[in-house]
1. Gain in length, K228 to S297, computed as 0.36 nm per residue apart minus the alpha-carbon separation, to one decimal in nm?
2. Using a basic spin-label model with each label point 7 Å from the Cα along Cα→Cβ, how many nm lie between I34 and Q305?
3. Along Cα→Cβ, 7 Å out, is where each label goes; now give me the distance between the ones at T104 and K23 in nm to one decimal.
4. Using only alpha carbon positions, build the gyration tensor of the stretch 168-245, then give the equivalent ellipsoid semi-axes as the square roots of 5 times its eigenvalues, largest first, whole angstrom.
5. Please list Y294, Y263 from largest to smallest accessible area, probe radius 1.4 Å, with all protein chains kept in place.
6. Contact order normalised by length for the stretch 82-178, with contacts defined as Cα pairs under 8 Å and 6 or more residues apart; what percent is it?
7. Under 5 Å between amide hydrogens, which residues at least 5 positions from W290 or on another chain qualify, with H placed 1.01 Å from N in the peptide plane?
8. Just the number, please: carbon plus sulfur as a percent of the accessible area of the chain, 1.4 Å probe, no ligands or DNA/RNA counted.
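The values are calculated or read from the model by the stated rules, or taken from the named source; none is laboratory data. Computed from a prediction, not measured in an experiment: that's the story for all the values here. Cβ sites come from the backbone with ideal geometry, for glycine too, and all protein chains shown count toward neighbours. For accessibility, only protein heavy atoms count, side chains too; no ligands or nucleic acids. Shrake-Rupley method; radii C 1.70, N 1.55, O 1.52, S 1.80 Å.
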Amino acid sequence: MSILVTGANGQLGTILTEALRSKHGSHKVIASDIIRPKGHQTDPFVMLDILNVQRIGEIIADYNVKQIYHMAAILSANGEWNPQKTWNVNLNGLLSILEIARLTEVEKVFFPSTIAVFGPSTPKEMTPQEVPMIPTTVYGMSKVAGELWCNYYHKRYELDVRSLRFPGIIGYDSMPGGGTTDYAVEIFHEALEHGAYTCFLEGQTSLPMMYMPDAIRAIMILMDSDTKNIRIRSGYNIAGMSITPSQLAAEITKHLPHFEITYHSDFRQKIAESWPSSIDDRQAKEDWGWQPQYDLSTMTEDMIQQLAKFKE
Ligand code: AKB
């Protein structure tokens with residue numbers, strides 16, 4: 001049996017593939033992406049355009065795939081440059097995965113959802129699990145629809161599909177691409193390389209974030225949990241920390257006293273303002289024991305230590 005990761009060259013996909021390989025053995029985890037890996041990904045790697053339904057089917061049959069981590073997606077900021085393409089990749093890609101999983105021997109599917117499913121009419125503070133969801137980005141729209149399809153495939157066909165609503169992910173070993181929360185990774189690289197960063201969000205914009213090790217642990221715990229504990233089949237709220245660019249900059253300054261931040265907001269500011277500032281993840285805690293391990297201070301310390309090693 002093997003495990004397929006789509007979008008394996010992405011920020012989360014890269015690290016998730018490594019984690020799954022350490023757990024299950026390298027040869028059992030098939031990394032796939034539309035672009036060739038830049039170095040990180042080792043074999044087995046297969047090229048896969050998620051809109052190529054026939055190719056998905058061939059990979060699942062050839063490798064006897066029993067679990068799929070469907071990470072391929074276009075993120076919030078990039079999605080706004082090409083709404084139709086984003087809808088097509090994000091929603092039709094998922095529908096192909098769900099349908100092939102239903103018709104084959106695939107036992108479990110993981111679908112990453114996001115805080116982008118929420119919109120301006122959603123309560124901003126400690127956003128509950130079940131709330132109005134009228135997002136303003138096509139990425140958010142595709143993820144709301146995706147959650148509903150996951151729920152549908154579970155209820156109607158008993159497909160074991162599980163999902164998390166990720167906040168912005170901060171990590172040192174892979175770069176985000178095209179998201180609204182990307183500033184929280186860029187800031188570390190710029191702080192270490194140039195001692196300064198111009199942030200594309202305003203200083204007081206509070207957003208939910210999570211350190212990469214917590215994000216990977218959340219996926220692993222969720223996917224290993226007994227099916228009877230998984231009461232939500234759309235997407236679970238999960239929280240790590242809630243931070244603003246100025247709080248993050250102040251924390252970085254404790255380690256790099258000469259670091260300077262300036263602000264020059266762009267279209268991503270509006271997207272950020274439509275999202276929650278903090279998340280109520282009680283249901284994930286109750287159902288499968290979710291507990292984050294990193295806060296702003298421990299995450300910042302580790303990020304700087306790890307990145308400094310790379311830059312030596
Ligand atoms: C983005 O900013 O688009 C993503 C997300 C919050 O889903 N990081």
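1. Numbers: separation 69, 0.36 × 69 = 24.84 nm, distance 3.56 nm.
Between K228 and S297, full extension yields an extra 21.3 nm.
2. 3.8
3. About 2.0 nm separates the two model spin labels.
4. Numbers: eigenvalues 179, 39, 16 Å².
The equivalent ellipsoid of the stretch 168-245 has semi-axes of 30, 14, 9 Å.
5. On the way: Y294 60, Y263 90 Å².
Per-residue accessible area, sorted high to low, gives Y263, Y294.
6. Working: 107 pairs, mean separation 34.9, N = 97.
Rounded, it is 36 percent for the stretch 82-178.
7. Under 5 Å from the amide H of W290 lie the amide H atoms of K285, each far enough along the sequence or on another chain.
8. Working: 6900 of 13340 Å².
Carbon plus sulfur share of accessible area: 52 percent.
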